[in-house]
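What follows is a set of notes on a single structure, which appears directly below.
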Amino acid sequence: MRLFRTAIHLGTALGLAGLLLGCSTGPTYNPTTFPFEMNESLVAATKVKTVIIPHVNLGPPSRNYLEDAEPRIDGQVSSYLKEQGYKVLPQREFRRHWNTAVRAYGDPIDPTTGKVNMKSFVQIMHSVRDQLRKTTDLDAFVFTDIVEFEVPFNGGLKHLARWDGVSRRPSLQGPGSGVTADFDWNTAAAVTSLQISIYDMELERMFASRGGLDATDAIDTRSSSGRYVRRRNILENEDYILEGIKLAFHPFIAWEDWPGNPDD
C-alpha cells in the first residue's frame, strides 16, 4: 500500500532523524534550514483549501512533558493557516472518527513502548478519511508532531544553539544569575522542533518539513560544575512558536523572511 510505505518513510526520515540543523531568525542567510520535501505536482493539482489538524502524531507520541503544549501549538497552527486563507475544520471531527476506528482496529500506539503499529494506523486513517469525505469538503490532513533531540549551546560568544531554522540562547534556572567559567558549552541540551506533514485525501504525502521551536532544557545555576535541567515553563514563547510554524510550512506557505536562500 502506498500510504504504508510513505508513512514508514516519513517516520524514519523526519520523526527519527535527529539532524542538527538550524538557522538564525530573520532573512539573513543561514544554510541550516531543514531540507523540506514537497511534491510540487501534487500540491498544484490538489489546490488545498480545507484542512484538518489531527490530534495524533504521525510518528511516536510526544514526551509526557510536551503534551500540555500540543493543544496550544495546534491552536497557533490553526490560526496561521486561517490567516493564510485556509479553512480549518474542527479537530473534534477527526477525533470522533479516530476513536470510532480505534475501537474497530485497535490502538496503533503500544502503551509500553510508544511504538506505532503502522498496519493499524493505516487502517484507521483510511476509515477516518472515508468518513470525513462523506460529510466535509476536506482536502488535506496537516499532522503536527513536536520532536525533541539534543544540540549544544556552543555557537559564538553568545552561546547560541542552532537547529531547524532557529538560533536560541540558553535560559537559566535556579537562584544564580550566571554560569561558572568552566561550564562546558559543548554539552548537548534538549530542544524541540515542529514537524509538519501534509497528506491529501488519497493519503499521499504532499509536503514535509520542520521548524525549530525552543529548548526544553535550561542551565541549572545551582550546579557549580554546570549542568542542564528540564525547564519549568516549556514552549510558552508565542513568538518562538510562530517562527517555528512559519519555518515548518515554507514553501508550502511561502515566508518572505525564510533564511534558507543564499541569494538574500
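The values are calculated or read from the model by the stated rules, or taken from the named source; none is laboratory data. All values derive from a computational prediction rather than experimental measurement. Cβ coordinates were reconstructed from backbone atoms using ideal geometry, including for glycine residues, and neighbour counts include every protein chain displayed. SASA here: full protein model, heavy atoms, side chains in, ligands and nucleic acids out. Shrake-Rupley method; radii C 1.70, N 1.55, O 1.52, S 1.80 Å.
What to note about this one:
- Residues of the stretch 218-249 classified as within 21 Å of the chain's Cα centre (by Cα), under 24 Å from TYR65 (Cβ atoms) and open to solvent by less than 30 Å² (accessible area, probe 1.4 Å), total: 9
- Inside the stretch 125-173, residues that are part of a strand (DSSP E or B), open to solvent by 20 Å² or more (accessible area, probe 1.4 Å) and either farther than 20 Å from GLU70 by Cβ or without any contact (Cβ under 8 Å) to a residue 40 or more places away in the chain (or both) make up a count of 7.
- For the stretch 104-124, taking the residues that are open to solvent by 60 Å² or more (accessible area, probe 1.4 Å) and not in a loop (DSSP other than H, G, I, E, B), the one that is farthest from PRO60 (Cα to Cα) is identified as ALA104.
- Unmet criterion (only one of (1) part of a loop (DSSP other than H, G, I, E, B); (2) within 21 Å of the chain's Cα centre (by Cα)) for PHE183: (2)
- Entry remark, the stretch 177-200: residues being touching an Asp or Glu at 6+ places or on another chain (Cβ under 9 Å), open to solvent by less than 20 Å² (accessible area, probe 1.4 Å) and either farther than 26 Å from LYS158 by Cβ or of a type in the set (Gly, Ala, Ser) (or both) number 7 in total.
- Given (1) under 30 Å from ILE124 (Cβ atoms); (2) in a strand (DSSP E or B), number of the condition ASP214 does not satisfy: (1)
- Of the residues making up the stretch 64-103, those that are assigned to a helix (DSSP H, G or I), open to solvent by less than 80 Å² (accessible area, probe 1.4 Å) and at pLDDT 95 or above number 21.
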